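Encoded as structure tokens, the structure appears first; notes follow it.
The values are calculated or read from the model by the stated rules, or taken from the named source; none is laboratory data. Please read these numbers as outputs of a predicted model, since none were measured by experiment. Don't worry about glycine lacking a Cβ; one is built from the backbone with ideal geometry, like all the others, and counts go over all protein chains shown. Just the protein is used for accessible areas: all its heavy atoms, side chains included, with ligands, DNA and RNA removed. Shrake-Rupley method; radii C 1.70, N 1.55, O 1.52, S 1.80 Å.
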Amino acid sequence: MRDFRYWFAENRGTLLAILVFVVMFAIYTGNHSAGFSANVITTASNKGVLLALVAMAQTMVVLTAGIDLSVGMIFVLANCLASTIAVGTAFETTLGIIGVLATGIACGALNGVIVIYGRLQPIVTTLATGAVFFGISLWLRSVPGGDTNADLADALTGQLPGGIPTSLVVLLGIVLLVWVPFRRSMLGRAAYAVGSSEPAAYMSGVPIERARLLAYVLSGFLASCGGLMLTFITYSGEASAAIGGTYTLNSIAAVVLGGVSLFGGSGSAIGAIFGAFALRTIGDLLFVFDMEPFWQPLFQGVILLAAVTLGSLRLLRIKNRLDLFG
Amino acid sequence: MGAAIIGFFNRMDRAVLAAFACIIALLLVGSLYSSSFLSPEYLLQQLQVASFLGLIATGMMLVVLLGQIDLSVPWVLTVGGMMSTAAAGWDAPWNLLAIPFGIFCGMALGFANGIGVAYLRVPSMIFTLGMNAVAQGLMVLRTGGFAPQDHATEAMRVLATGRLVLNIPNALFVWGIVGAVTIFVLTRTTFGRAVYAIGNRERAAYLSGLATQRTVLLAFTASGGLAASAGVLLAGYSTKAYQAMGDPYLLPAVAAVVLGGTNILGGRGSYLGTIAGVILITLLQSILSVMQINEAGRQLIYGAVIILMLLIYGRQRKQI
């Protein structure tokens, strides 16, 4: 019983995100003309998985008390690169995919090295490296276009027998292969420790530099996975600053909705995934209720502000005013 | 005399000196490419363009000194531009209110930011991002479906592009006045001292009896107003306001403040450094465009140069 209470306290954010998503999605499918059908779910899942992957990428860095404002641009860069090299025969496509993922890892590593060994602040560093990544994307794709391996794209964005969206299975695979081992590894724990208190982690002999670097590298990797999926969904690449900016913004929003603390050290990528799903469903809700599309940006902004402001309810319980300034 | 000069340099921040040195280096590099880089006309023109960024960076610096950040700059700026041009379409006496109305709208958004950050204690990074989305939503809603009046008034155009005195751009005067007021406020008023104190440690500032929350609220309101006034000037400069006109200004504003030696974690920095940072960024952009490097190369070099300059002189002290 006691264990359960600890577990509940630790995962409250994640559970809340799941609850919000389930409610929203129920409203969404309940009001959708096609109802709870396989096609509706596949479309929703394809869109949701993109943001979920970028939100996972953001989680990695946020857990270490950093922030990555370049995730959206790594996502765009991976998209542009994949539409150029992940084409042709099965062998060429495989090489291309490896190339794209390696590029994502390199981008994350670059961020990490500058932040950790260059001792610059993450927010400024990633804002600037974001410009660099976007420059490379523009150089690869000055006009939208490119191609993709259609067979693979259809397989990864379609349905498995039984109507299960393949993209969800891909996401599950990435969670099992990347997030779970990370969370259970020594370096994963170290990343949480660094986020909670860097001096305390250092004093306890935690390898803080390696843990932070791993977090940035995984962030780049996950963002490039998202870029690959985008290529498979759109069959093309586009170097668009708007896409990058939107995904960066929404990744932070998803992380916050998913119960990950922006101050680091608490939360999980699972929460961020459901935060991302919930955020996407909010956007789609407008369509099923037949609202004018230009209400959508305002609606999303207001929801985001409302969600982060809900956290302020804790202020009501503060007994000592000094605790305000944490 | 010599001792006085050495004393002056000692008192100046190393980062500020480095920023000014980079400006001179950039001008030299530019003059190798074309001699017109050192002509007074070119320099005045650069200062005119820098004035817009200067206004934004002033607000950003206030917020950064507090240890916060204002990511709502792009769309608050757009709100300033679009609302002032909207007011320009009102009936006769009221259209004189175009400029104040635009700035007022920006201040209102900044005020909301301040409430969220100071009183609701939401991290500024996420709250201002959300406010950016809200401002964008409001503007999309306004233009959605019909084409609103978006032409700047004569006053806005004169303010942004005119040269009334000694052939010096009016926009530069605007920045000069704002800058002088900011220097006075930061160094000679209790508000300014409170800003630095809060940036160092808000708890300590609170225990010293400062109204920390009100100070934060005021700083965010000022930041919103300054971003919006840059929007008003930019609308005058290009004779009209348009969607997303503020998007290219977020990174330059943060970069200018940080390159000017202001600590991104708050508490340290001088306005002289921000001036240097703004001129530095403007020159860098200008040189990259004069050299006719395409957009891709510009973004790449721009980001890389900012990282490089920060690595040279903007590093944090080793904490552990």
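Here are the numbers for this structure:
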item	result
Point-to-point label distance, A:Leu19-B:Val29, nm (Cα→Cβ direction, 7 Å offset)	5.5 nm
Relative packing of B:106-113, A:147-154, which averages over residues the other C-beta atoms within 10 Å, highest first	B:106-113, A:147-154
Whether the stretch A:14-309 is rounded, prolate or oblate, judged on the alpha carbon gyration tensor where a/c under 1.5 counts as rounded	oblate
Among B:Leu166, B:Leu300, B:Leu288, residue whose mean-square fluctuation peaks in a GNM of chain B (springs only between Cα atoms under 10 Å)	B:Leu166
Estimated inter-spin distance, A:Leu286 and A:Val302, nm [label 7 Å along Cα→Cβ]	1.1 nm
Over chain A: helical MRE at 222 nm, DSSP H runs n ≥ 4 each giving -39500 (n - 2.57), nearest 500	-24000 deg cm²/dmol
Karplus 3J(HN,Hα) series, Hz, for the stretch A:302-313 with 6.51 cos²θ - 1.76 cosθ + 1.60 (x for Gly, Pro)	5, 4, 4, 4, 4, 5, 6, 6, 4, x, 6, 4
Share of carbon and sulfur in the accessible heavy-atom surface of the protein assembly as shown [1.4 Å probe, %]	67 percent
Full-extension gain in nm, A:Phe263 to A:Leu313, via 0.36 nm per residue minus C-alpha separation	16.3 nm
More than 40 angstrom apart: percent of Cα pairs within the protein assembly as shown	28 percent
Residue among B:Ser72, B:Ser238, B:Ser124 with the largest mean-square fluctuation in a Gaussian network model of chain B, springs linking Cα atoms under 10 Å	B:Ser238
Partner chain coverage, peptide A:116-124 - average Cβ within 10 angstrom	6
Listed peptides B:271-280, A:238-247 by packing density, highest first (mean Cβ within 10 Å)	B:271-280, A:238-247
B:Glu154/B:Leu265 FRET efficiency (R0 45 Å; Cβ-Cβ; nearest 0.05)	0.55
By average C-beta atoms within 10 angstrom, highest first, the peptides A:51-62, B:149-160	A:51-62, B:149-160
Cα gyration tensor category, rounded, prolate or oblate, for the stretch A:161-250 with a/c compared to 1.5	oblate
Within chain B, helix-based [θ] at 222 nm, where runs of 4 or more DSSP H residues each add -39,500 (n - 2.57), nearest 500	-23500 deg cm²/dmol
Derived scalar couplings ³J(HN,Hα) [the stretch A:67-75; Karplus, 6.51 cos²θ - 1.76 cosθ + 1.60; whole Hz; x for Gly, Pro]	8, 10, 8, 9, 4, x, 6, 5, 4
Gyration tensor verdict on chain B (Cα atoms; rounded if a/c is under 1.5, prolate if a/b is larger than b/c, oblate otherwise)	oblate
Per-residue HN-Hα couplings for the stretch A:12-23 [Karplus 6.51, -1.76, 1.60; θ = phi - 60°; Hz; x = Gly/Pro]	4, x, 4, 5, 4, 4, 4, 4, 4, 4, 4, 4
Residue-averaged beta-carbon neighbours from other chains (10 angstrom radius) around A:312-324	2
Protein accessible surface hidden between A and B, which excludes ligands and nucleic acids, total in Å², probe 1.4 Å	4400 Å²
5 angstrom amide H check on B:Lys240, placed H, neighbours 5+ away	B:Ala152
Estimated translational D of the stretch A:222-298 in µm²/s (Stokes, Kirkwood radius over Cα pairs; 10 °C; 1.306 mPa s)	113 µm²/s
Förster-model FRET efficiency, 35 Å R0, B:Thr189 and A:Arg119, C-beta, rounded to 0.05	0.60
